[in-house]
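Below is one structure, written out as structure tokens; comments come after it.
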Amino acid sequence: MSLLEILHHPDARLRLKAKPVTTFDAALAKLAEDMLETMYAAPGIGLAATQVNVQQRLIVVDVSEHQDQPHIFVNPALTLQGSLVPGEEGCLSVPGVYDAVARAPQVTVEAQDLTGKAFTLEAEGMLGVCIQHECDHLEGKLFVDYLSSLKRNRITKQLKKQKA
Ligand code: NI
């Protein structure tokens, strides 16, 4: 296993749209393992392939207290349920920034596992929110996109300064 570099906002590569995974091979399994290791080391509760500069529709999530319940979703598709509820979010690609984003309280995820087998998961609470957040990454979208442009510009400026 190896740690991957996580891209930080405002890196333009975070804006690329991921492509469907069509090959379920050892390289995909290795990528998922490396992403989990990178996420746990950060530490974080979710990571999308886009964040490690791989434009493939793959996300990993683990919201368990002891970080021992990893979920891997390949080609996830979401059906959102219920009216949006605001909750605080952060992102490994936007370090140090936390703010409220309105998300669906329940979500149905249709995805494939690392062998290509289809499965469905009903998720709510933090798991559901985290899945929605990670799927946004696959579309090139960040949680700060939900904030006011005033706030977002301030965050972008702050992170640019940290990088310099
Ligand atoms: Ni994120």
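The values are calculated or read from the model by the stated rules, or taken from the named source; none is laboratory data. Here the structure is a predicted model, which means the values were calculated and not measured. We place every Cβ from the backbone using ideal geometry, glycine too, and count neighbours over all the protein chains shown.
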message = When the residues of the range 10-28 are narrowed to those that are touching a strand residue (DSSP E or B) at 6+ places or on another chain (Cβ under 8 Å) and assigned to a loop (DSSP other than H, G, I, E, B), which ends up farthest from Lys117 (Cα to Cα)?
response = Ala18
note = Expected single match for among the hydrophobic types (A, V, I, L, M, F, W, C), without any contact (Cβ under 8 Å) to a residue 40 or more places away in the chain and either part of a helix (DSSP H, G or I) or within 16 Å of the ligand (Cβ to nearest atom) (or both) among Val109, Val63, Val54 is Val54
ask   = Given the residues Leu159, Leu121, Leu127, which is the only one that is outside any loop (DSSP other than H, G, I, E, B), at pLDDT below 95, out of contact with any helix residue (DSSP H, G or I) (no Cβ under 8 Å at 6 or more places or on another chain) and of a type in the set (A, V, I, L, M)?
value = Leu159
task = Report yes if some residue within the range 68-88 is under 12 Å from the mean Cα position of the chain (by Cα), part of a loop (DSSP other than H, G, I, E, B), surrounded by 18 or more Cβ atoms within 10 Å (Cβ to Cβ) and not basic (Lys, Arg); otherwise report no.
result = no
task = Please give the number of the condition Tyr40 fails out of (1) more than 13 Å from the ligand (Cβ to nearest atom); (2) within 12 Å of the chain's Cα centre (by Cα); (3) closer than 26 Å to Thr23 by Cβ.
result = (2)
